[in-house]
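Structure first, then comments.
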Amino acid sequence: MVEIRGLKKSYPLAAETVEALRGVSLVLRAGEMVALVGSSGSGKTTLLNLLGCLDRPTDGVILLEGQEVQALGEHRLAEVRRRQVGIVFQDAALIPTITALENVGLPFSFDRWSGERAEIPAQMLSLVGLADKGGRYPEELSGGERQRVAIARALVYRPSLLLADEPTGNLDSENGRRIFALFRELVAKHRIAALVATHNKDLAGMADRSVHLRDGRLVDGGDR
Ligand SMILES: Nc1ncnc2c1ncn2[C@@H]1O[C@H](COP(=O)(O)OP(=O)(O)OP(=O)(O)O)[C@@H](O)[C@H]1O
Ligand SMILES: [Mg+2]
């Protein structure tokens with residue numbers, strides 16, 4: 001389970017301070033896929049970056065599996081980010097010069113490779129329906145397939161939290177629906193908490209529920 005309380009983020013600029021999040025409280029339960037909606041500039045990416053430990057909040061609390069992450073030092077924070085959180089971006093962001101299977105195994109290359117782990121990238125690829133395409137290079141895959149590779153890569157550490165920022169933004173509506181259906185299936189089956197930002201109302205409707213950000217506040221679906 002993931003819980004955030006009173007989360008605030010401001011970006012100080014030369015002439016002004018941008019209040020990107022003004023106190024967001026939310027609980028994400030294991031096995032639940034939550035859609036994050038809101039217009040451009042409402043704070044979706046800011047919220048995902050804080051939950052993904054890519055940035056630190058100005059104020060508030062983030063509890064990941066009972067641990068307060070905003071207080072952790074740089075080293076521990078990097079560990080949490082790598083092992084407990086999986087992130088998928090709008091662009092699959094695959095490395096073009098290595099195969100799909102190698103891309104999925106990439107997070108492990110920062111670790112000592114242990115024998116028992118050697119099978120995991122292939123397992124994750126078959127989880128997303130690409131068992132037969134591990135040897136292809138990213139440019140030899142469709143946009144939807146590349147995004148499925150990115151999802152497989154996000155799952156190799158068996159994260160408790162899966163975050164996605166407009167993961168279907170570059171896909172047509174049919175592929176977008178397939179990716180959302182895949183998220184929902186994986187999240188329920190593997191008891192992952194997921195927060196997926198989207199501009200698309202139809203796709204948001206495929207999630208278990210939606211939360212709505214407006215001007216740095218949750219106007220719908222927040223907790224407390
Ligand atoms: N690094 C930064 N420095 C200053 N302001 C920023 C920074 N990043 C984001 N902002 C501002 O914070 C607010 C929230 O931005 P954010 O990227 O979270 O919005 P978003 O909901 O993801 O929008 P979009 O749908 O366009 O991706 C915006 O006003 C934006 O201009
Ligand atoms: Mg954004």
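The values are calculated or read from the model by the stated rules, or taken from the named source; none is laboratory data. Not measured: the values here are computed from a predicted model. Cβ placement follows ideal geometry from the backbone for every residue including glycine, while neighbour counts extend to all protein chains displayed.
Worth a mention:
- Here is the figure for the range 36-65: residues that are assigned to a loop (DSSP other than H, G, I, E, B), more than 10 Å from ligand 2 (Cβ to nearest atom) and in contact (Cβ under 8 Å) with a residue 60 or more places away in the chain total 3.
- Applying the set (1) of a type outside the set (Ser, Thr, Tyr); (2) away from ligand 2 (no atom under 16 Å from the Cβ); (3) over 18 Å from the mean Cα position of the chain (by Cα) to residue 20 leaves exactly one unmet item: (2).
- Taking (1) away from ligand 2 (no atom under 16 Å from the Cβ); (2) at pLDDT 95 or above in turn, residue 72 satisfies each apart from (2).
- Failed criterion for residue 80 (all others in (1) free of Cβ contacts under 8 Å to residues at least 60 places away in the same chain; (2) on the phi > 0 side of the Ramachandran plot; (3) not aromatic (Phe, Trp, Tyr) hold): (2)
- Search result, residues across the range 172-197 that are within 16 Å of ligand 1 (Cβ to nearest atom) and more than 22 Å from residue 1 (Cα to Cα): 176
- Taken residue by residue, the range 45-66 has at least one member that is away from ligand 1 (no atom under 16 Å from the Cβ), exposed (fewer than 15 other Cβ atoms within 10 Å of the Cβ) and within 16 Å of residue 86 (Cα to Cα).
Residue-by-condition table, conditions (1) away from ligand 2 (no atom under 16 Å from the Cβ); (2) of a type outside the set (S, T, N, Q); (3) modelled with pLDDT of 90 or more:
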site: 113; (1), (2), (3): yes, yes, no
site: 130; (1), (2), (3): yes, yes, yes
site: 134; (1), (2), (3): yes, yes, yes
site: 165; (1), (2), (3): no, yes, yes
site: 194; (1), (2), (3): yes, yes, yes
site: 202; (1), (2), (3): yes, yes, yes
site: 211; (1), (2), (3): no, yes, yes
